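Every number here is computed from the coordinates shown, using simple stated rules; none is lab data. In this text the structure is predicted, and so the values were computed from the model without any measurement. With ideal geometry, Cβ positions are generated from the backbone for all residues, glycine too; neighbour counts draw on all protein chains shown.
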Amino acid sequence: MKLKDFLKCLLLWGSVFPLLFAGCRNGSLASLPEVQSDSLIYRIEQKIKQKQKFTFIKENYFDDKFYRKTKKYFPIIRKYSKRYGIDWHLIIAQIYKESRFNENALSHRGAVGLMQIMPYTAYEITKELDFEFITQDPRENISAGIYHLYKQLAYFPNADYENRIKLALAAYNCGPARVFDAQDIAEYMEGNRNEWSAVRTSLTKLTGADWKLHLEVWEMGVPNYGYFYGYEETIDYVDDIYANYDLFSKIF
């Protein structure tokens, strides 16, 4: 018997039995309503297919190292995510993008560790929190990174949930100043400064090639924080992390 036929039988008898007994108590069979099961069956089938797809992704897209490291660092991720009101799925997605869970990751710019924290940022966080080995201790690196993301979120209080996360991720990657400049351009172009889609487009207009636009936006004729040419990396960073965040929220 096919799954669809089997589910139809279950739904049909699940509806008929109570009515049969009710009819017997009243001395006659009640008129039975038509069972509208097709839409429910479709939803169940879609759920099964979705679960199968996510199971395939879990088993084939991520290697054993990813699951070992996720399990190893999950307690500290969950602890500090909860402390700062951030979904832990997002932090796992961010670490996966930043370092692929390589504790010894070092970028060409000098960013260090699982959360790829720059030495100057680590120094600033050390002054604010009781951390001394952010660039050496993986757990302190995670804790500091979550705190740093929390600080970026505070820059965009008027954005909705999704846009706030995306703007904060962009700020984590390229610095909040670049995002502020992009927000100015978005607002000048009658876009919403609190929507990632508008800021995403505006980041591409912070280079010297758009100097005419800059004359219209800023009194000095240049972005407040200078030209920015690393927008492709930032856009890719935000889009990748949010896509994986959405995925991890479904499979974990």
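For the reader, a short list of remarks on this structure follows.
- Of all residues in segment 166-195, those that are among the basic types (K, R) and either surrounded by fewer than 20 Cβ atoms within 10 Å (Cβ to Cβ) or under 23 Å from P119 (Cα atoms) (or both) total 1.
- Annotation note: Cβ proximity below 8 Å between a residue of segment 149-161 that is over 19 Å from A122 (Cα atoms) and a residue that is part of a loop (DSSP other than H, G, I, E, B) (sequence gap 6+ or interchain) occurs for F156/N194; N158/N194; A159/N194; A159/E195; D160/N194.
- Test: residue in segment 101-113 that is surrounded by fewer than 21 Cβ atoms within 10 Å (Cβ to Cβ) and part of a helix (DSSP H, G or I): no
- Within segment 218-252, the set of residues being of a type in the set (F, W, Y) and closer than 22 Å to K71 by Cα comprises Y242, Y245, F248, F252.
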